[in-house]
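What follows is a single structure, written as C-alpha coordinates, with notes after it.
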Amino acid sequence: QVQLVESGGGLVQAGGSLRLSCAASGRTFSSYSMGWFRQAPAKEREFVAVVSWSGGITTYADSVKGRFTISRDNAKNTVYLQMNSLKPEDTAVYYCAAAGGLRTIVALTIRHSYDYWGQGTQVTVSS
(Lines give C-alpha, C1' and ligand atoms only; values in the text may rest on other atoms or scores of the structure.)
Protein backbone atom coordinates (compact mmCIF):
# COMPACT_ATOMS: atom_id res chain seq x y z
CA GLN A 1 0.00 0.00 0.00
CA VAL A 2 1.04 3.59 -0.67
CA GLN A 3 -0.16 6.52 1.39
CA LEU A 4 0.30 10.10 0.25
CA VAL A 5 0.00 13.21 2.42
CA GLU A 6 0.16 16.70 0.93
CA SER A 7 1.26 19.79 2.80
CA GLY A 8 2.34 23.36 2.14
CA GLY A 9 -0.89 24.88 0.95
CA GLY A 10 -2.21 28.17 2.21
CA LEU A 11 -3.25 31.69 1.33
CA VAL A 12 -0.96 33.78 -0.85
CA GLN A 13 -1.27 36.99 -2.82
CA ALA A 14 -1.15 36.98 -6.59
CA GLY A 15 2.44 36.94 -7.76
CA GLY A 16 3.61 35.05 -4.70
CA SER A 17 5.01 31.57 -4.30
CA LEU A 18 4.27 28.37 -2.45
CA ARG A 19 5.95 25.00 -2.30
CA LEU A 20 3.79 21.95 -1.89
CA SER A 21 5.14 18.69 -0.56
CA CYS A 22 3.79 15.19 -0.81
CA ALA A 23 5.17 12.65 1.60
CA ALA A 24 4.76 9.03 0.61
CA SER A 25 4.84 5.92 2.70
CA GLY A 26 5.81 2.75 0.94
CA ARG A 27 8.93 0.83 0.22
CA THR A 28 8.76 1.20 -3.57
CA PHE A 29 8.27 4.96 -3.89
CA SER A 30 11.06 5.22 -6.45
CA SER A 31 9.19 2.84 -8.76
CA TYR A 32 6.25 5.24 -9.13
CA SER A 33 5.73 8.19 -11.37
CA MET A 34 4.34 11.05 -9.33
CA GLY A 35 1.85 13.65 -10.43
CA TRP A 36 0.10 16.73 -9.17
CA PHE A 37 -3.52 17.52 -9.95
CA ARG A 38 -5.82 20.26 -8.79
CA GLN A 39 -9.53 20.73 -8.43
CA ALA A 40 -11.40 23.99 -8.06
CA PRO A 41 -14.96 24.10 -6.68
CA ALA A 42 -17.52 22.69 -9.09
CA LYS A 43 -14.80 21.76 -11.58
CA GLU A 44 -13.18 18.52 -12.62
CA ARG A 45 -9.82 17.49 -11.31
CA GLU A 46 -7.19 18.62 -13.79
CA PHE A 47 -3.61 17.69 -14.49
CA VAL A 48 -0.87 20.01 -13.30
CA ALA A 49 2.49 18.26 -13.52
CA VAL A 50 4.19 14.86 -13.48
CA VAL A 51 7.69 13.59 -12.85
CA SER A 52 8.92 10.19 -13.96
CA TRP A 53 10.14 7.51 -11.58
CA SER A 54 13.74 8.54 -12.17
CA GLY A 55 13.05 12.25 -11.93
CA GLY A 56 14.56 12.76 -15.35
CA ILE A 57 11.38 13.54 -17.27
CA THR A 58 8.78 16.13 -16.40
CA THR A 59 5.81 17.64 -18.13
CA TYR A 60 3.34 20.37 -17.24
CA ALA A 61 -0.07 21.63 -18.09
CA ASP A 62 0.10 24.62 -20.40
CA SER A 63 -1.57 26.76 -17.76
CA VAL A 64 1.33 26.36 -15.34
CA LYS A 65 4.28 25.90 -17.66
CA GLY A 66 7.09 28.26 -16.80
CA ARG A 67 5.66 29.00 -13.37
CA PHE A 68 5.53 25.62 -11.61
CA THR A 69 8.30 23.08 -11.11
CA ILE A 70 7.84 19.48 -10.05
CA SER A 71 10.66 17.52 -8.46
CA ARG A 72 11.20 14.48 -6.30
CA ASP A 73 13.57 13.26 -3.67
CA ASN A 74 13.39 9.50 -3.63
CA ALA A 75 15.62 9.27 -0.58
CA LYS A 76 12.98 11.22 1.34
CA ASN A 77 9.98 9.62 -0.37
CA THR A 78 8.77 13.09 -1.24
CA VAL A 79 7.59 14.92 -4.32
CA TYR A 80 7.41 18.71 -4.50
CA LEU A 81 5.58 21.33 -6.49
CA GLN A 82 7.20 24.74 -6.49
CA MET A 83 4.62 27.30 -7.54
CA ASN A 84 5.77 30.77 -8.56
CA SER A 85 3.95 33.77 -10.00
CA LEU A 86 0.70 32.49 -8.61
CA LYS A 87 -2.56 33.69 -10.09
CA PRO A 88 -6.08 33.69 -8.64
CA GLU A 89 -7.03 31.01 -11.17
CA ASP A 90 -4.52 28.70 -9.48
CA THR A 91 -6.85 28.53 -6.48
CA ALA A 92 -7.79 24.90 -5.94
CA VAL A 93 -7.26 21.85 -3.82
CA TYR A 94 -4.00 20.29 -4.94
CA TYR A 95 -3.58 16.53 -4.91
CA CYS A 96 -0.55 14.36 -5.39
CA ALA A 97 -0.86 10.95 -6.97
CA ALA A 98 1.28 7.90 -7.64
CA ALA A 99 1.25 5.71 -10.74
CA GLY A 100 2.94 2.34 -10.81
CA GLY A 101 4.10 0.33 -13.76
CA LEU A 102 5.30 1.52 -17.13
CA ARG A 103 3.45 4.61 -18.30
CA THR A 104 3.94 7.10 -21.07
CA ILE A 105 4.13 10.78 -20.29
CA VAL A 106 0.88 11.28 -22.17
CA ALA A 107 -0.84 8.65 -20.04
CA LEU A 108 0.41 10.34 -16.91
CA THR A 109 -1.48 13.53 -17.72
CA ILE A 110 -4.70 11.58 -17.20
CA ARG A 111 -5.98 11.13 -13.67
CA HIS A 112 -7.24 7.61 -14.31
CA SER A 113 -3.66 6.44 -14.79
CA TYR A 114 -2.92 6.89 -11.12
CA ASP A 115 -3.24 4.22 -8.47
CA TYR A 116 -2.98 6.24 -5.26
CA TRP A 117 -4.09 9.70 -4.20
CA GLY A 118 -3.52 12.01 -1.30
CA GLN A 119 -6.33 13.89 0.40
CA GLY A 120 -5.31 17.28 -0.93
CA THR A 121 -4.09 20.63 0.33
CA GLN A 122 -5.86 23.93 -0.26
CA VAL A 123 -4.14 26.69 -2.20
CA THR A 124 -5.87 30.06 -2.29
CA VAL A 125 -4.48 32.95 -4.32
CA SER A 126 -5.95 36.35 -3.62
CA SER A 127 -6.03 39.39 -5.90
Fill in the blank from the handout: Counting sequence-distant residues (5 or more places) and residues on other chains, those with an amide H built under 5 Å from that of A49 are W36, A61
Handout entry: Percent carbon-and-sulfur accessible area, the chain, ignoring ligands, DNA and RNA, probe 1.4 Å
Key = 49
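Beta carbons within 10 angstrom, averaged per residue: use that to sort the peptides 85-93, 46-54, highest first. Don't skip to the answer; put the middle values down first.
Details: 85-93: 16.6, 46-54: 20.1.
The densest-packed peptide leads the list: 46-54, 85-93.
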Completion exercise
Binned at 5 Å starting from 0, the alpha-carbon pair-distance distribution of the chain in whole percents comes out as 2, 12, 24, 26, 20, 10, 5, 1, 0
Exercise for the section: For K43, list the aspartates and glutamates whose Cα falls under 13 Å from its own Cα; do not include residues on the same chain fewer than 8 positions away. Expected result: E89, D90
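Rolling a 1.4 angstrom probe over the protein heavy atoms, how many square angstrom per residue are accessible across the stretch 14-88? Walk me through the intermediate numbers first.
Numbers: 3690 Å² over 75 residues.
Value for the stretch 14-88: 49 Å² per residue.
The values are calculated or read from the model by the stated rules, or taken from the named source; none is laboratory data. The shown structure was predicted, so the numbers you read here are calculated from the model rather than taken from an experiment. So basically every Cβ, Gly included, is an ideal-geometry build from the backbone, and we count neighbours across all protein chains shown. Accessible surface areas use protein heavy atoms only, side chains included; no ligands, DNA or RNA. Shrake-Rupley method; radii C 1.70, N 1.55, O 1.52, S 1.80 Å.
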